[in-house]
1. Can GLY88 be described as under 27 Å from HIS33 (Cβ atoms) and either touching a Lys or Arg at 6+ places or on another chain (Cβ under 9 Å) or part of a loop (DSSP other than H, G, I, E, B) (or both)?
2. Considering only the range 31-49, state which residues are at pLDDT below 90 and surrounded by 14 or more Cβ atoms within 10 Å (Cβ to Cβ).
3. With the condition kept exactly as written, say whether any residue in the range 11-34 is over 30 Å from PRO116 (Cα atoms), among the acidic types (Asp, Glu) and over 15 Å from the mean Cα position of the chain (by Cα).
4. Which of the following residues is over 26 Å from ARG108 (Cα atoms) and open to solvent by less than 40 Å² (accessible area, probe 1.4 Å): PHE52, PHE1, PHE69?
5. Of these, LEU96, LEU138, which one is touching a residue at least 12 places away in the same chain (Cβ under 8 Å) and aliphatic (A, V, I, L, M)?
6. Has the range 37-46 got at least one residue that is farther than 22 Å from VAL82 by Cβ, within 22 Å of the chain's Cα centre (by Cα) and among the β-branched types (Val, Ile, Thr)?
7. Residues to consider are LEU91, LEU111; find the one that is touching a Phe, Trp or Tyr at 6+ places or on another chain (Cβ under 9 Å), closer than 24 Å to PRO157 by Cβ, in contact (Cβ under 8 Å) with a residue 24 or more places away in the chain and open to solvent by 50 Å² or more (accessible area, probe 1.4 Å).
Amino acid sequence: FWFSSAMDWMKQCKAKDEPFLCYLPTNAPHAPHIDHEDFIKPYRKPGQPAAFFGMIAHLDKRFGDLEKFLDEQKLKDDTIVVFTSDHGYHLGDHGLWQKQSLFERSARVPLIIAGPAGTARGQVARGIVELVDLYPTLAALAGLTPAAPLDGVSLSPMLTNPSASVKD
C-alpha cells in the first residue's frame with residue numbers, strides 16, 4: 001500500500017513537472033513480525049525467525065518495484081533514494097534479540113544511497129559516515145546550500161568515488 005501510494009504520488013508530481021521529496025517509512029522489518037505467507041514460507045526452518053526474514057524479502061521486493069518504477073517513469077537519473085534505519089538488530093547473537101544493547105549489531109545501521117546520474121551505483125564506500133551526514137549530503141545532491149552550522153558533512157565525494165573519505 002505505502003509503496004504503491006508513493007509511486008502514484010510521484011507520478012502526479014512528474015505530470016506537473018514538480019520536484020518531490022518522499023519520506024516512506026516502512027516499519028519493516030520490525031515487531032510485530034507479520035507479513036504475507038508467500039514471503040515467510042521460504043524461511044520456515046527450526047530456530048529461524050521466518051517472519052522477520054519474510055519482512056526483509058518483502059521490503060526488498062518493494063524497493064525493486066520502486067527502482068523499476070523510477071526507471072520506467074524516467075525519474076531514476078534525477079532521483080535520490082536513501083535506505084536507512086534508526087537502529088540495528090540482534091538475531092540471536094550474544095543470546096540477544098532486537099536492539100537491547102550497544103553491541104555493534106544493534107548500534108550500526110544500514111545506509112544505502114542510490115544517487116542521481118553521475119554517482120557510482122552498486123559500489124560500496126568503506127569510509128566513516130554518520131546519519132547527521134544525510135542532510136548536508138541530500139542538500140548538496142539537490143544543489144542547495146544547507147543552513148550552517150552543521151554537525152554533519154556531505155558524503156557526495158564518496159558517492160562519486162567510493163574510495164574517497166570525508167572524515168578522518
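The values are calculated or read from the model by the stated rules, or taken from the named source; none is laboratory data. Here the structure is a predicted model, which means the values were calculated and not measured. Glycine gets a Cβ as well: all are built from the backbone with ideal geometry, and neighbour counts include every protein chain shown. Remember, those area values only see protein heavy atoms, side chains included, never the ligands or the DNA or RNA. Shrake-Rupley method; radii C 1.70, N 1.55, O 1.52, S 1.80 Å.
1. Taking the combined requirement at face value, the residue satisfies it.
2. Within the range 31-49, HIS33, ASP35, PRO49 qualify.
3. no
4. PHE69
5. Checking each option against the conditions leaves just LEU138.
6. Checking the range 37-46: at least one residue is farther than 22 Å from VAL82 by Cβ, within 22 Å of the chain's Cα centre (by Cα) and among the β-branched types (Val, Ile, Thr).
7. After applying the criteria, what remains is LEU111.
Per-residue answers, yes or no, for (1) in contact with a Pro (Cβ under 6 Å, 6 or more places away or on another chain); (2) within 19 Å of ASP8 (Cβ to Cβ); (3) touching a residue at least 12 places away in the same chain (Cβ under 8 Å):
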{"residue": "ALA31", "(1), (2), (3)": "no, no, yes"}
{"residue": "ILE34", "(1), (2), (3)": "no, no, yes"}
{"residue": "LYS41", "(1), (2), (3)": "no, no, yes"}
{"residue": "PHE52", "(1), (2), (3)": "yes, no, yes"}
{"residue": "ARG62", "(1), (2), (3)": "no, yes, yes"}
